[in-house]
Amino acid sequence: GAVVSQHPSWVICKSGTSVKIECRSLDFQATTMFWYRQFPKQSLMLMATSNEGSKATYEQGVEKDKFLINHASLTLSTLTVTSAHPEDSSFYICSARVGTSGRTIYEQYFGPGTRLTVT
Amino acid sequence: RKEVEQDPGPFNVPEGATVAFNCTYSNSASQSFFWYRQDCRKEPKLLMSVYSSGNEDGRFTAQLNRASQYISLLIRDSKLSDSATYLCVVNRGGSSNTGKLIFGQGTTLQVKP
């Protein structure tokens, strides 16, 4: 399957600081990447859809000024958590969509996730 | 009501058992369906896509019933390594299919020796 990497795998930061998470598709080009958040014992919740060369589309209730997304190339999307607070502590996972024109099934492959702890 | 619903379990089964998970979805416009597997503190990994005609991959069989809007996953001859959370995932589809996936909360499987 397609390989997606994320960096860093875990990070601890102080309240008020910003944290940048990188998501890379290693062996394919991804015009669309997705950012999710998962709290303990809960399912993945989509935060935003990141499209290469255009603005991200945020889900309802997700603050776009707090979670900055940049998708500058076909293999890299970044999520910056600005002015992080303890309630932002979570498991952040990106995914990249693999699909060819004419198909209606779009399989997504996930990065290994970034565990963020804000103290 | 959640858009994708699963019984969270846990399902505790002995090695070698056959176990089935069901999942229901509420949006009739949903087009694509998947089962993902997630191990503790890890990312989800695609187990299999679910096709209308049903499909099988080794010990795993997936079925889709569009009329009743449910998806199933059958695991035969369970192995200890099958212990994980199984996520039912649906792509909403629609005219502007962005590939957005909706996740169920997952069903936890524990296979005991």
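Read-outs: derived from the displayed coordinates by stated rules, not from any lab. Computed from a predicted structure; not experimentally measured. Reconstructed Cβ throughout: ideal geometry from the backbone, glycine too, with neighbour counts over all protein chains shown.
Values for this structure:
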{"item": "Only listed residue being facing chain B (nearest Cβ under 10 Å) and either free of Cβ contacts under 8 Å to residues at least 40 places away in the same chain or not basic (Lys, Arg) (or both), chosen from A:116, A:46", "result": "A:46"}
{"item": "Residue identified as within 13 Å of chain B (Cβ to nearest Cβ) and out of contact with any strand residue (DSSP E or B) (no Cβ under 8 Å at 6 or more places or on another chain) among A:29, A:60", "result": "A:60"}
{"item": "The range B:22-36 - residue that is more than 14 Å from every other protein chain (Cβ to nearest Cβ) and of a type in the set (Gly, Ala, Ser) and, of those, nearest to residue B:85 (Cα to Cα)", "result": "B:26"}
{"item": "Test: residue in the range B:75-87 that is closer than 22 Å to residue A:110 by Cβ and within 11 Å of another protein chain (Cβ to nearest Cβ)", "result": "yes"}
{"item": "Failed item, numbered, when residue B:41 is tested on (1) touching a residue at least 12 places away in the same chain (Cβ under 8 Å); (2) under 27 Å from residue A:116 (Cα atoms)", "result": "(1)"}
{"item": "Selection from the range B:8-26 of residues that are exposed (fewer than 15 other Cβ atoms within 10 Å of the Cβ) and not aliphatic (A, V, I, L, M)", "result": "B:8, B:10, B:12, B:14, B:15, B:16, B:18, B:26"}
